[in-house]
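A short worksheet on the structure shown next.
Derivation of every value follows stated rules applied to the coordinates shown; laboratory data play no part. Every value quoted in this text rests on a predicted model; they were computed, and no experiment measured them. When we count neighbours, we look across all protein chains shown, and the Cβ atoms used for this are built from the backbone with ideal geometry, even at glycine.
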Amino acid sequence: MTERIGFIGVGLMGHGMAKNLLAKGHPLTFVAHRNRANLQDLLDGGAREAKSADALAEASDIVFLCVTGSPQVEANVYGERGLLAACRSGTMVVDCSTSEPDSTLRIRADFAAKGVEFVDAPLARTPREAEAGKLNVMVGATDAVLAKRRAAMEARGKDAWKPNRERKVSRALQAYAKMATSAAFGAVRDVDRLG
């Protein structure tokens, strides 16, 4: 059975991921925020818009979060009409945001008490690779969890690395990837300035 996907955060990185999940045949529901400029192709492709996180959760087997960071993740999880209250046992929530390890572990424990699997899956590369379906994804999950939902996890990116079961490891890898990318951009900027 093809999993129904919910997506919160269809911005620079999330839009490409959502588009690729939709193209691979996953029914997609999303929650939009202020910027609506990039939603039409998702709607034209058959995606549906939900007005709140809880409505999205009710229509989804897997919920992806791709928001700015831990404050936004926590608002979507713990806020009024949030995911924690709405997700049923057996749902998976996948956080692709730039989140703090301690927040990630606390949210995971709170979801686990409800029978919901919370997967830490930060990203590397850029919006261009997100649109092309070539993101690098660092997944903090057990082999059993990853195998159960592998098709959906791989539909949005090129690689699904599983560093190990400890979510802090995937967050550390993300931090190193961001530092390397920033250093590379800095070097290019310096060359341009000297050129």
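Taken along the Cα-to-beta-carbon direction at a fixed 7 Å, the label points for Thr68 and Arg128 span 2.6 nm. For a paramagnetic label modelled on Ser89 (point 7 Å from Cα along Cα→Cβ), amide N atoms under 13 Å away belong, within region 97-128, to 112-117.
Looking only at region 34-64, which residues have a backbone nitrogen under 17 Å from a spot 7 Å from the Cα of Thr2 in the C-beta direction? Answer for region 34-64: 42-49, 59-63. Of the peptides 101-108, 116-123, 74-81, the order by per-residue mean of other Cβ atoms within 10 Å, starting with the highest, comes out as 116-123, 101-108, 74-81.
Counting Lys and Arg as +1 and Asp and Glu as -1, what is the net charge of the other residues whose Cβ lies under 15 Å from the Cβ of Lys51?
Working: positive: Arg34, Arg36, Arg48, Arg81; negative: Glu49, Asp54, Glu58, Glu80.
Net of charged neighbours comes to 0.
Proximity of backbone amide H atoms, modeled 1.01 Å from N, is registered between Phe7 and Thr29, Phe30, Val31, Phe64 at under 5 Å, excluding neighbours fewer than 5 places apart on the same chain.
When peptides 47-58, 144-155, 11-22 are sorted by average Cβ neighbour count within 10 Å, with the highest value leading, the order is 11-22, 47-58, 144-155.
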